[in-house]
Each structure stands twice: as structure tokens, then as C-alpha cells.
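**Student:** One structure, as C-alpha cells, below. Some questions next.
The values are calculated or read from the model by the stated rules, or taken from the named source; none is laboratory data. Source: prediction; values computed, not measured. Here the Cβ positions follow ideal geometry from the backbone for every residue, glycine too, while neighbour counts run over all protein chains shown. These accessible areas exclude ligands, DNA and RNA; they are computed on the full protein's heavy atoms, side chains included. Shrake-Rupley method; radii C 1.70, N 1.55, O 1.52, S 1.80 Å.
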Amino acid sequence: MKFIISSDAWKTTLTSKQATRAIAQGLQSVDPTLEIVEFPIADGGEGTLDALMNATRGTYKTATVHDPLGRPVEAKYGVTGLSRHTCVIEMAQASGFSYVKKHEQNPRLASTFGTGELIRAALDEGHRNFILAIGSSATNDGGAGMLRALGLKFLDTEGQEMSGDLVQLKNLDRLDDAEFDKRLQECTFAVVSDVQIPYIGPQGATRLYGETKGLQAEESEEVEAALQQLADVIEAHTGVRLHDRAGAGSGGGLGGAVQAFFPTKWYHGIDFVLKRSGWENALSGVTHVITGEGRLDAHTFLEGKGPHGVAKFAGDKGLPVTLFAGSGDIDVAEEANEVFNEVVVLATSEKEVEQALEKPEEVLRQAVARWYAAKRGE
């Protein structure tokens, strides 16, 4: 039996590489002779940069930027080995969840400014062909921070520049693009996203993901109103209507800013990564596929998500797929059995989740070992 292990990142708990390694170790603890291919994957969120750099033997670069709360950090971007002119920018490297502790989460203040700084650093290096991965963000600012970092000014009715609290954008009157980086129009952006949600509305950035990023229920209406005003002003300035546009709400609305101001092509996250990384070629001789993610929920089944894409591609080749999830509800696990051949959820209660988070790699290794030992005993 030959396994390929392709786990996505487990939010802020495990990187895709760490989760993939832990699964491999669990298998090998039962049978050290197993043939295993470790192939971490990502769907446009955290880990996408590493997946593309590893697959193409690309080169990492770093830049000093600001994290979601304005603190200076060293962030990575990369140049693929396939083409020395293709630069990979991962939003999570500058504006991701990993920078913000739970008690610090505040989408009203969290900004995508650092993502704009990463793009500017790459432009300064001469890059004009970009892959932009926009998942795993801690932000909900509609891409305003990124646009500011690239020179766009947000003005109120008195012509004063606005910044800071996202809710201030309810008073946005117009945009000033006199200093907006002209080099962007010389570029191409392949935008890689795991979801295709609109900018605002019941299925938009704020209402669908705001709470998971720390937004309080009583704040959501104000934040939604701010994004509504931002969308109105962007439409007046560019002619691009973001309000109900597919993908505009991805990355906390950064997807909309990109669509309005950058030359873009849009791609489902996992489909893009699997094809560009050569994942299908790595299936040669494989008899079983294992994937993983931190939480099994309704989002698992979205088209752009990692485990769903792995199951789809592997299923087309007749390969069985097992999903390991850190946590999840039993009813969702039953639904998942329609997509995956087997589903193993490590924790289903709050107490089990807390215990698992103390030593996530060890808990995952042990769960995989138990699963494979039982499988061998069939």
C-alpha cells in the first residue's frame, strides 16, 4: 500500500506541513516499511506560498511589513522556480490569523496594510506577474488597508484623509488615486481563493466570517454599513460594482479591492494549487489518499476548499480518500461521508478540543496510528 498525505493547515494550530508530517508519523509508528508521499497542500490560505515554493523549487524573499494590528513583522513572499518572473504573495503572511491572539481579535482595527506593503516590495524588486493567495485573513476591512499601502487615499466630506477604525468608512466620501501605484496596471494577478462570497449581504464577508474573526454581534451592522459605503464609493470611482460580485468578499473583502483596482484572473484555490504544484503527477502508484483540516464544518464542502478538492481529484482516479479533522459535529461528519470514503474526527466536545489543543501533533499522530492499526486488522 502506498499513501499520499496532503493535509491543509489546521488554522493557527498546525501548518499544512506539520499536519502532513504528523499523519505520516502515525502511519509509520504502526508500519515503518510503508511507502508514503508527504505532499502538504493549501487552498489559497495559509500554506499556499510554501506549497508552491516546494513544488516549483522556488526562492523565498522577505520584507518588513505591518501585521493586522500594525506591528512590524518579517513576512515572506516568493518567486516560483517555474518562472523567475512569477511572484507569490500570500495574504496570510502579512494579514493572517497567526499574528493575532484570540484576545486581540478585532476586525474593526485589523488591517490589510501589510499585504499592500508586500505587493509594493515585490513591485520594487521588478516583479509584474503575481499569484495572490487571499485566504486565512484576520481582517474584514474590504481591502482598504492594502489600497492605502499602495497609495490610494480615502477622503471624508471635508477632504480629510481617513484611517484607523473600519467603521469610520461610513463617512467615506471619495477616493484620491493621484499617488496610487501606477505600476499595478503593468501587472497580472492570478487571484487564488478558497471561497467565492460577495462583498456584503447575508453571505458576504462580515456576516459569514466576521464572528470567527472576533467581531461582536452588536458591531456587525456598523461594519456592514461601512463596507456598503466603501463599495458604493469604489463603484462611483471605478465603475466596478462589488456589492454582490462573486469573490469580492474573499479575504475579508480584499478580493473586491483587487477586482476593482488590479488586472486579475480568478481561480478556485485548491484546483489552482493542485494543478500548479504537480500533485496529480505525485499520485503515480498511490493506493490511498489522506487529507486533513482543523475543523470539519459546512465550509469543508465548498468548491475552493482543500479537502474537497483533494477528494474530487482523487475520486476521479478511483482512489479512496480518508479525512482527518481536528474537530467537528457528528451530523456534519455523516454528511462528509458522501464526499470522503472515511472521516475521522479527533474531538467532538469542547473538553476534547481543549485537550487536543495542548498537544495537537501528538493527538493527531495517535489518532492516525489507531486508525491504521484497526484498518490492518480488518
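**Student:** Taking PHE189 and the conditions (1) surrounded by fewer than 18 Cβ atoms within 10 Å (Cβ to Cβ); (2) in contact with a strand residue (DSSP E or B) (Cβ under 7 Å, 6 or more places away or on another chain); (3) among the hydrophobic types (A, V, I, L, M, F, W, C), which numbered condition does it fall short on, given that it satisfies the others?
**Tutor:** Of the numbered conditions (1) surrounded by fewer than 18 Cβ atoms within 10 Å (Cβ to Cβ); (2) in contact with a strand residue (DSSP E or B) (Cβ under 7 Å, 6 or more places away or on another chain); (3) among the hydrophobic types (A, V, I, L, M, F, W, C), the odd one out for PHE189 is (1).
**Student:** Here's another thing I want to ask about it. Yes or no: ALA225 of a type in the set (Gly, Ala, Ser) and under 20 Å from GLY164 (Cα atoms)?
**Tutor:** yes
**Student:** Same structure, new question: Does GLU352 satisfy the condition of being over 25 Å from the mean Cα position of the chain (by Cα), over 26 Å from ASP271 (Cα atoms) and of a type outside the set (Gly, Ala, Ser)?
**Tutor:** Criteria met by GLU352.
**Student:** Quickly run through the stretch 244-257 and pick out the residues that are part of a loop (DSSP other than H, G, I, E, B) and either open to solvent by 10 Å² or more (accessible area, probe 1.4 Å) or touching a Ser or Thr at 6+ places or on another chain (Cβ under 9 Å) (or both).
**Tutor:** ASP244, ARG245, ALA246, GLY247, GLY249
Each row is one residue, and each column tells you yes or no for (1) open to solvent by less than 50 Å² (accessible area, probe 1.4 Å); (2) among the acidic types (Asp, Glu); (3) in contact (Cβ under 8 Å) with a residue 40 or more places away in the chain.
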| site | (1), (2), (3) |
| --- | --- |
| HIS288 | yes, no, yes |
| LYS317 | no, no, no |
| GLY328 | yes, no, no |
| VAL343 | yes, no, yes |
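**Student:** Which residue out of THR59, THR157 is among the hydroxyl-bearing types (Ser, Thr, Tyr), touching a strand residue (DSSP E or B) at 6+ places or on another chain (Cβ under 8 Å) and open to solvent by 40 Å² or more (accessible area, probe 1.4 Å)?
**Tutor:** Matching residue, one of THR59, THR157: THR59.
**Student:** Somewhere in the stretch 44-59, is a residue among the hydrophobic types (A, V, I, L, M, F, W, C) and either in a loop (DSSP other than H, G, I, E, B) or under 29 Å from MET162 (Cα atoms) (or both)?
**Tutor:** No.
**Student:** If a residue must be closer than 12 Å to GLY252 by Cα, aliphatic (A, V, I, L, M) and either open to solvent by 30 Å² or more (accessible area, probe 1.4 Å) or part of a helix (DSSP H, G or I) (or both), how many such residues does the stretch 195-240 contain?
**Tutor:** The number of residues fulfilling the criteria is 4.
**Student:** Shifting gears a bit: Does ALA260 satisfy being open to solvent by 10 Å² or more (accessible area, probe 1.4 Å), hydrophobic (A, V, I, L, M, F, W, C), part of a helix (DSSP H, G or I) and at pLDDT 95 or above?
**Tutor:** Taking the combined requirement at face value, the residue satisfies it.
**Student:** Within the set of pairs 6 or more residues apart or between chains, which connect a residue that is open to solvent by less than 10 Å² (accessible area, probe 1.4 Å) inside the stretch 141-154 to a residue that is assigned to a loop (DSSP other than H, G, I, E, B) and of a type in the set (Phe, Trp, Tyr) with Cβ atoms less than 6 Å apart?
**Tutor:** LEU152/PHE180
**Student:** Further question: Hey, among the residues in the stretch 101-117 that are in contact (Cβ under 8 Å) with a residue 12 or more places away in the chain and over 14 Å from GLY145 (Cβ atoms), which one's surrounded by the most Cβ atoms within 10 Å (Cβ to Cβ)?
**Tutor:** GLN105
**Student:** Do the conditions hold for ILE119, that is, is it assigned to a helix (DSSP H, G or I) and either on the phi < 0 side of the Ramachandran plot or small (Gly, Ala, Ser) (or both)?
**Tutor:** So ILE119 passes the test.
**Student:** Something else about it: Kindly indicate the residue of the stretch 150-194 that is of a type in the set (S, T, N, Q) and either in contact with a Cys (Cβ under 7 Å, 6 or more places away or on another chain) or in a strand (DSSP E or B) (or both) and also modelled with the lowest pLDDT among those meeting that condition.
**Tutor:** Result: SER193.
**Student:** Return the residues of the stretch 1-54 that are basic (Lys, Arg) and either open to solvent by 50 Å² or more (accessible area, probe 1.4 Å) or closer than 15 Å to VAL192 by Cα (or both); say none if nothing qualifies.
**Tutor:** The answer is LYS11, LYS17, ARG21.
**Student:** From the set of residues in the stretch 334-349 that are charged (D, E, K, R), outside any loop (DSSP other than H, G, I, E, B) and modelled with pLDDT under 85, which is nearest to HIS308 (Cα to Cα)?
**Tutor:** Residue satisfying both the conditions and the ranking: GLU335.
**Student:** Scan the stretch 263-282 for residues that are modelled with pLDDT of 95 or more and either in contact with a helix residue (DSSP H, G or I) (Cβ under 6 Å, 6 or more places away or on another chain) or open to solvent by less than 10 Å² (accessible area, probe 1.4 Å) (or both) and jot them down.
**Tutor:** THR264
**Student:** Then there's this: Which of the residues that make up the stretch 62-99 are outside any helix (DSSP H, G or I), of a type outside the set (Ser, Thr, Tyr) and open to solvent by 20 Å² or more (accessible area, probe 1.4 Å)?
**Tutor:** Scanning the stretch 62-99 gives HIS66, LEU69, GLY70, ARG71, PRO72, VAL73, GLU74, LYS76, GLY81, LEU82, ARG84, HIS85.
**Student:** Pairs please, first residue from the stretch 227-246 and hydroxyl-bearing (Ser, Thr, Tyr), second anywhere and part of a helix (DSSP H, G or I) and open to solvent by less than 60 Å² (accessible area, probe 1.4 Å), Cβ atoms under 8 Å, 6+ apart in sequence or on different chains.
**Tutor:** THR238/ALA260; THR238/PHE261
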